[in-house]
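Everything on this sheet refers to the single structure shown next.
Computed from the coordinates by the stated procedures, all read-outs in this text should not be read as laboratory data. The structure presented is a predicted model; accordingly, all values stated were derived computationally and were not measured. Cβ placement follows ideal geometry from the backbone for every residue including glycine, while neighbour counts extend to all protein chains displayed.
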Amino acid sequence: FAPDLNSNEEAIEIILEATNNAGYEIGKQVFLALDVAASELFKDGVYHLESEGRTLTAEKMVDYYSALVDKYPIVSIEDGLAENDWDGWVAMNARLSGEIQIVGDDLTVTNITRLQRAIDEKTMNAILIKLNQIGTVSETIDAIALAKANNYGTIISHRSGETEDTIIADFAVAMCAGQIKTGSASRTDRICKYNQLLRIEETLGSAAKFPGIEVLGK
């Protein structure tokens, strides 16, 4: 489902309107997280926002994000810049990391070598974790351990072409990740993960603790 909109901000406004209509309090019960997938926008050294007819440098992209964060209850931005725009990531993290979670997905691909570079260069403060991206459970655990050792937020994520296997729900709890990304409640391959989290909560009882917004990397 992709409505025909005139700008990215219009999409945010629609989400906020829907949230209000559903009776939730924005900025207290509901916050926004953006997955920009900026590598898809990057060509010839600049970022193309085709729907808005704009072309931005990395510096201007960071200015754009900063303005959005000031205006809306955005607490996390994933892949805000292209996967090989390392200098841009350094600038974005320096500008925004004290305010929001800066998540690397395409930048780090659950790979400890790229994660270590991200840590050394101070490019982000959280990592998206995909079990089948790196290939083994042990390598995934190593990536999470390295992230946690450097006070990074960790988000366990589904993948495109997902099935009804619920392992990432169990894995998120087992690793005390605090965050999971598995899409909206629109298909059974997504809903099954949330149902599994509910079953785990029921099993754990009072031992299950909701960490709240404090779990975000900053």
Any idea which of 61, 29, 14 is furthest toward the positive side of the dipole for region 1-141, if Lys and Arg beta-carbons carry +1 and Asp and Glu beta-carbons -1?
29
Relative contact order (%) - criterion: Cα under 8 Å, at least six apart; region: region 20-215
13 percent
Starting at 0 and stepping by 10 Å, how many percent of the alpha carbon pairs of region 20-215 end up in each bin?
8, 33, 37, 19, 3, 0
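Just flag the chymotrypsin sites (Phe, Trp or Tyr not before Pro) in region 1-93 sitting in loop per DSSP whose Cβ has no more than 16 other Cβ atoms within 10 Å. Display every interim value, and only then the final one.
On the way: sites: 1, 24, 31, 42, 47, 64, 65, 86, 89; in loops: 1, 24, 31.
When the chymotrypsin sites (Phe, Trp or Tyr not before Pro) of region 1-93 are filtered for loop state and at most 16 Cβ neighbours within 10 Å, 1, 24, 31 remain.
Within the set of other residues whose C-beta is less than 13 Å from the C-beta of residue 161, count the net charge using Lys and Arg as +1 and Asp and Glu as -1. The partial results should precede the final answer.
Numbers: positive: 130, 159, 187, 190; negative: 162, 164, 165, 189.
Residues near residue 161 contribute 0 overall.
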Among 38, 131, 74, which residue has its Cα furthest toward the positive end of the charge dipole of the chain, with +1 on Lys/Arg Cβ and -1 on Asp/Glu Cβ?
131
Counting other Cβ atoms within 10 Å, which GluC sites (Glu not before Pro) in region 1-55 have at most 11 and lie in a DSSP loop?
25
Student exercise: in the chain, how many lysine pairs 8 or more apart or on different chains have Cα atoms under 21 Å apart?
22
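Run through region 131-195 and list the trypsin sites (Lys or Arg not before Pro) located in a DSSP loop whose Cβ has at most 15 other Cβ atoms within 10 Å. Present the calculation step by step, with values, prior to reporting the outcome.
Values: sites: 148, 159, 181, 187, 190, 193; in loops: 159, 187.
Loop-located and lightly packed - 159, 187.
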Three principal axis lengths of region 1-98 [C-alpha, angstrom, descending]
43, 33, 19
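Placing unit charges on C-beta atoms (Lys and Arg positive, Asp and Glu negative, everything else neutral), compute the dipole magnitude of region 19-154 about its Cα centre in debye, rounded to 20. Each step should come with its number before you reach the end.
Values: 11 positive and 21 negative charges, 69 e Å.
Magnitude of the dipole: close to 340 debye.
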Give me log10 I(q)/I(0) at q = 0.15, 0.20, 0.22, 0.33 Å⁻¹ for region 170-218, Debye formula, one equal scatterer per alpha-carbon, no solvent.
-0.44, -0.77, -0.90, -1.27
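How charged is the neighbourhood of residue 188? Take every other residue with its Cβ under 12 Å from the Cβ of residue 188, and add Lys/Arg as +1 and Asp/Glu as -1. Let's see the in-between values first.
Numbers: positive: 187, 190, 193; negative: 162, 164, 165, 189.
Cβ neighbours under 12 Å give a net charge of -1.
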